[in-house]
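Read through the structure below, which is laid out as structure tokens, and then see the notes.
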Amino acid sequence: MKRIAIQGEIGSFHDIAAHQYFNDEQIELICCSTFEQVFENIKNDPTVIGIIAIENTIAGSLLHNYDLLRESGVTVVGEHKLHIEHSICCLPDDNWDTVTEVHSHPVALAQCRNFLENHPEIKAVEAEDTAGSAEYISSHNIHGWAAICSSHAANIYGMKLLQEDIHDNKHNYTRFLVVSNPHKAALLREVEKSNKSSLVFSLSHEEGSLSKVLTILSFYDINLTKIQSLPIIGHEWEYLFYVDVSFDNLTRYRQSIDAITPLVKNIKILGEYETC
């Protein structure tokens, strides 16, 4: 049985992503209130695997998680893309006429802005988690409150679905990274089958420094799928570049890393893994 640390409660989107990624495998979830706790669980027990959201097609990147990923020393061993579908639910004996508040994670509330604007009589309240909001309302039997969460979470906590698919954009996807202790990574993925890599590096403050790196990656037929810059605290106008690349030839990918290494500073491979 695999032990998986996630941010959120049972029924959260992290829970759904974990079960989809480890389909047909027995897993035990370790529910954490913060992403810091996810990495702390991996640090305290090397057998624990983590699943963390890293970007959303609407909300963008989870910038803090990039720093946690780099600082933690874990290795990315896989990724999973999940279609995010929000529903509004309440206690079984509540209905549209009795609901006065809706609770959810601020990102979920933002992704249902049009729905909330069409229901000005319902007050939107920020909470730590989508599924956690449903669990709290159910366990405390709070009438008049509703939660925005997945329909899966609503069913788990015995809530009544008032309406499904209330998100503004139907093309709402979140990408999750599967991470582990580096010494356990070989048990979770075969490096020889890798076709994607996540890197982080900094650059000298010189004209064309990033362009040179990208040119080399292109020469080796490496496809840049994402680039995210974050400021280096304490170093004005200097940045860390988090880069995802995909490739068809592992040898040429490794040659490209050797080629760009002299041009960058503090390069670190966060993970090499296979993606669909």
Going through the range 46-87 one residue at a time, which ones are under 26 Å from Q26 (Cβ atoms) and hydroxyl-bearing (S, T, Y)? T47, S72, T75
Wholly inside the range 101-220, helices (runs of 4 or more DSSP H) that include 1 or more residues that are within 21 Å of Q20 (Cα to Cα) are 106-111, 130-140, 151-156
So if I check each of V107, V74, V102, which one is in the same structural domain as I51 (by TED's automatic domain parsing) and out of contact with any His (no Cβ under 7 Å at 6 or more places or on another chain)? V74
Residue list for the range 83-108, restricted to those being surrounded by fewer than 20 Cβ atoms within 10 Å (Cβ to Cβ) and not aromatic (F, W, Y): H83, E85, P92, D93, N95, D97, T98, T100, E101, P106, V107
Going through the range 215-261 in order, the residues found to be farther than 22 Å from C276 by Cβ, surrounded by 17 or more Cβ atoms within 10 Å (Cβ to Cβ), touching a strand residue (DSSP E or B) at 6+ places or on another chain (Cβ under 9 Å) and not aliphatic (A, V, I, L, M) are F241, S256
Which of the residues belonging to the range 92-140 are touching a Leu at 6+ places or on another chain (Cβ under 7 Å) and more than 23 Å from F13 (Cβ to Cβ)? W96
Within the range 28-57, how many residues turn out to be of a type in the set (V, I, T), buried (at least 16 other Cβ atoms within 10 Å of the Cβ) and not in a helix (DSSP H, G or I)? 6
Odd one out for G60, checked against (1) out of contact with any Lys or Arg (no Cβ under 8 Å at 6 or more places or on another chain); (2) at pLDDT 95 or above; (3) surrounded by fewer than 16 Cβ atoms within 10 Å (Cβ to Cβ): (2)
Hey, S204 surrounded by 13 or more Cβ atoms within 10 Å (Cβ to Cβ) and in contact (Cβ under 8 Å) with a residue 24 or more places away in the chain or not: no
Just for the range 8-24: of the residues that are in contact with a helix residue (DSSP H, G or I) (Cβ under 9 Å, 6 or more places away or on another chain) and either modelled with pLDDT under 95 or part of a loop (DSSP other than H, G, I, E, B) (or both), which one is surrounded by the fewest Cβ atoms within 10 Å (Cβ to Cβ)? I10
When V178 is evaluated against the numbered criteria (1) among the aliphatic types (A, V, I, L, M); (2) in contact with a Leu (Cβ under 8 Å, 6 or more places away or on another chain); (3) over 30 Å from E272 (Cβ atoms); (4) touching a residue at least 40 places away in the same chain (Cβ under 8 Å), which criterion, by number, is the only one it fails? (3)
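The values are calculated or read from the model by the stated rules, or taken from the named source; none is laboratory data. Bear in mind that the values here come from a model prediction, so they are computed numbers and not experimental data. FYI the Cβ positions are ideal-geometry reconstructions off the backbone, even for glycines, and counts take in every protein chain you see.
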